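Asker: Got a structure here, written out as structure tokens. Questions coming.
The values are calculated or read from the model by the stated rules, or taken from the named source; none is laboratory data. The structure displayed is predicted, hence computed values, not measured ones. All Cβ positions, even for glycine, are placed from backbone atoms using ideal geometry, and neighbour counts span all protein chains on display.
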Amino acid sequence: MAQESMNSKIHPRKVIVFIKPTCPYCRKIQEIPCQMPFKQGLPEFVAITATSDTNTIQDDFQQLTGARMVPWVFIRKDYIGGCSDLISMQKSGELESWLWQIEALK
């Protein structure tokens with residue numbers, strides 16, 4: 001399931017974050033678009049709780065990324081990590097550099 005979801009959503013010019021709406025780290029990561037000039041529709045947030053088998057999805061993502069806990073952040077087709085990884089990238093300026101490269105910012 002995760003492989004199908006990941007492959008259908010991830011795109012070379014996209015930023016996608018797989019989340020659980022009740023997760024505090026997911027809510028925190030959803031604040032980042034307000035802090036940067038993203039193009040319309042970016043980043044895309046996908047709630048994994050929209051399906052009936054969240055545990056299986058988390059197990060599948062653990063096999064794909066090495067992390068079982070949400071959020072899972074992808075820039076282009078690269079797995080970036082979770083909330084703390086993205087915040088570290090934002091503080092260092094690395095996130096903005098990546099986002100300009102993939103034309104995700106206006």
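Asker: Could you list all residues from segment 66-84 that are in a helix (DSSP H, G or I) and either crowded, with 16+ Cβ neighbours inside 10 Å or of a type in the set (Phe, Trp, Tyr) (or both)?
Answerer: The answer is 83, and nothing else.
Asker: Tell me which residues, restricted to segment 85-106, are touching a residue at least 60 places away in the same chain (Cβ under 8 Å) and loosely packed, with under 12 Cβ neighbours inside 10 Å.
Answerer: Residues satisfying the conditions are 103, 106.
Asker: Still on this structure: Name every residue in segment 5-40 that is touching a helix residue (DSSP H, G or I) at 6+ places or on another chain (Cβ under 7 Å), basic (Lys, Arg) and either free of Cβ contacts under 8 Å to residues at least 40 places away in the same chain or within 18 Å of residue 56 (Cβ to Cβ) (or both), in order of residue number.
Answerer: 20
Asker: For segment 51-63, give me the residue count where each residue is within 16 Å of the chain's Cα centre (by Cα) and loosely packed, with under 13 Cβ neighbours inside 10 Å.
Answerer: Going through segment 51-63 one residue at a time, the tally reaches 0.
Asker: Given the criteria modelled with pLDDT of 90 or more and on the phi < 0 side of the Ramachandran plot, does residue 57 qualify?
Answerer: Numbers: modelled with pLDDT of 90 or more: no; on the phi < 0 side of the Ramachandran plot: yes.
The answer is no for residue 57.
Asker: For segment 1-60, list the helices (runs of 4 or more DSSP H) that sit wholly inside it and hold at least 2 residues that are out of contact with any Leu (no Cβ under 6 Å at 6 or more places or on another chain) and charged (D, E, K, R); which are they?
Answerer: 2-9, 24-29
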